[in-house]
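Report on one structure; see the data block that follows.
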Amino acid sequence: MELQVLAGEPIFIALGVVLLGLIVGYIVGRINAELLRAAGVPGAVEGTPFERTAQSLGTSTVKIIARLSSWFIYGIALLTAIHIADLLPTEAFWQTIMTFVPQLFVAVLVVLVGFIVADKAELAVSEYLRGVKLPEVSLIPKVVKYSVLYVAFLIALAQIGVHVLALLILLTVYATGLVLVGAFAFKDFLVSSAVGIYLLLNQPYGIGDEIEVGDRAGIVQEVDLFVTKIESDSREYIIPNRVVFEDGIVRIRD
């Protein structure tokens, strides 16, 4: 009889909720980790700065996301137990907490995913522009990365109820400034790409032709959207298409 009475005490019910939360949280974390591995997340994030940082700390992106879901359940169980034990009796406080915790969980998850997507976007853009030998191009992957991160932080802040109107205005100013500064800073890049389109469509010279551009002459090895590569006597010249357009082309015939 006394055991039944003790079992009905709020403190024992609260302890039971905590224990159940620990078990459920652990199981959910393990299940989520397996689901993420089955979905190919480890391969998708491989090589990203976030994943390398996680591995240097003895963990991984998959483990962090899985543990985040476990910690969320642990937190809910603990808050529920405190409420059952009536340690903090203010009802309004608990309503706020129970509303805020899921929002905070989603916000943290958005930021985490934002870092991963930003890293992957930076790597993808860097890989795509690897053959472009223009100094301005190295800035583009960073701009893409931090733009993705900014949007992720905006979504996360909005999720936890922070007024983001000022940040949205700042985003508009940032985007406008990016266009204006980009148009000025990358004018050579844009001109080279425009000339590259012209060269690819009209093909005034092709691979294997011997040409002269300014003081550089050699056999054409490659023509892409941004540069023309020519080779002569073990020297390879990588010439921006803008320079080809400005200096003109001389085709050398035998």
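Read-outs: derived from the displayed coordinates by stated rules, not from any lab. Only a predicted model underlies this, so the values are computations on that prediction, with no experimental measurement involved.
One table, with the values for the structure above:
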item	result
Length released on extending from Glu231 to Glu210, taking residue separation times 0.36 nm less the Cα-Cα span	6.6 nm
Residue-span extension gain [Ile155 to Leu129] - 0.36 nm each, minus C-alpha spacing	6.5 nm
Theoretical gain in end-to-end length, Ser147 to Glu34 [0.36 nm per residue, Cα-Cα removed]	37.6 nm
Area projected by the alpha carbon convex hull of segment 191-241, averaged over all directions, nm²	3.1
